[in-house]
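Beneath this line is the structure, given in structure tokens, with notes to follow.
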Amino acid sequence: MNYTFASATILLILITDPVGNIPIFANALRSVPPERRAWVILREVLIAFVLLLTFMFVGDSFLRLMNLSELSLQIGGGVILFLIALRMIFPQPGVSDGPEMLGEPLIVPLAVPSIAGPSALATVLLLVSQAPERRLEWIGALVITMAVSAVVLVLAERIQRIAGERFVVALERLMGLVLVAVSIEMMLRGIKTFVLQLASA
């Protein structure tokens, strides 16, 4: 798939799923003083950004080291996105919130895997492997994604209070539906490329 700057940004926002992370962050920050919660959220978003940015720069080397092709990454990434999307549409009760955190969380579970999870890491690797010459565009898309995540998570309590729990859940389902379509398209294109390679071999 040939991604544009806009489509890559939207894809990253869908995958990092800031709306779906609202209950996870709320649960993890429950024991954190209210005046420190915004700082903790910004710190975790920054850690996730650094991790994803690192993967953008070492992505090619990682693929060569693991002897992975762009095709396998595309199909595998599509499968991961599909599973993530299904979980967004049909969440398991009590699983998304996880155990209540004691003290101030660091890196786990907020930066990783809530924001910089396997699907996000696979996506940045896929973007760079398909168009390494457009790395600056992908970095820009990642910056916008992290900014959106930071704003949504810092304002999470206000969003829940103003929009209501039902609206947040409905928006989460809608994002999951879009991500299902993206993941299926990714898998279909990968399978089509694989079949063409077999036919020409």
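From the Cα trace of the chain, what convex hull volume per residue do you get, rounded to a whole Å³?
Here the figure is 119 Å³ per residue.
State in Å² the accessible area per residue of the chain; use a 1.4 Å probe, count heavy atoms of protein chains only, and round to the nearest integer.
54
Can you work out ³J(HN,Hα) from phi for every residue in the stretch 108-114, in order, using Karplus 6.51 cos²θ - 1.76 cosθ + 1.60 and θ = phi - 60°, giving whole Hz and x for Gly and Pro?
Calculated HN-Hα couplings, in order: 9, x, 7, 5, 10, x, 4 Hz.
Taking the Cα centre of the stretch 32-75 as origin, sum charge times position over the Cβ atoms of Lys and Arg (+1) and Asp and Glu (-1), and report the length of that vector in debye to the nearest 20.
With Lys and Arg at +1 and Asp and Glu at -1, about 180 debye.
If you roll a 1.4 Å probe over the chain with all protein chains in place, what percent of the accessible area is carbon or sulfur?
71
With springs only between Cα atoms under 10 Å, which of Glu35, Glu172, Glu44 fluctuates most in a Gaussian network model of the chain?
Glu35
With springs only between Cα atoms under 10 Å apart, run a GNM on the chain and tell me which of Arg135, Arg37, Arg166 wobbles the most.
Judging by the Gaussian network model, the answer is Arg166.
Let's test the formula: R0 of 45 Å, r as the Cβ-Cβ distance of Ser69 and Leu174. What FRET efficiency results, to the nearest 0.05?
0.85
Between Gly140, Gly77, Gly164, which gets the highest mean-square fluctuation from a Gaussian network model of the chain, Cα cutoff 10 Å?
Gly164
The values are calculated or read from the model by the stated rules, or taken from the named source; none is laboratory data. These figures come from a predicted structure and were not determined experimentally. Here the Cβ is made from the backbone with ideal geometry for all residues, glycine too, and neighbour counts use every protein chain on show. Note: accessible area is taken over every heavy atom of the protein model, side chains too, but ligands, DNA and RNA are not part of it. Shrake-Rupley method; radii C 1.70, N 1.55, O 1.52, S 1.80 Å.
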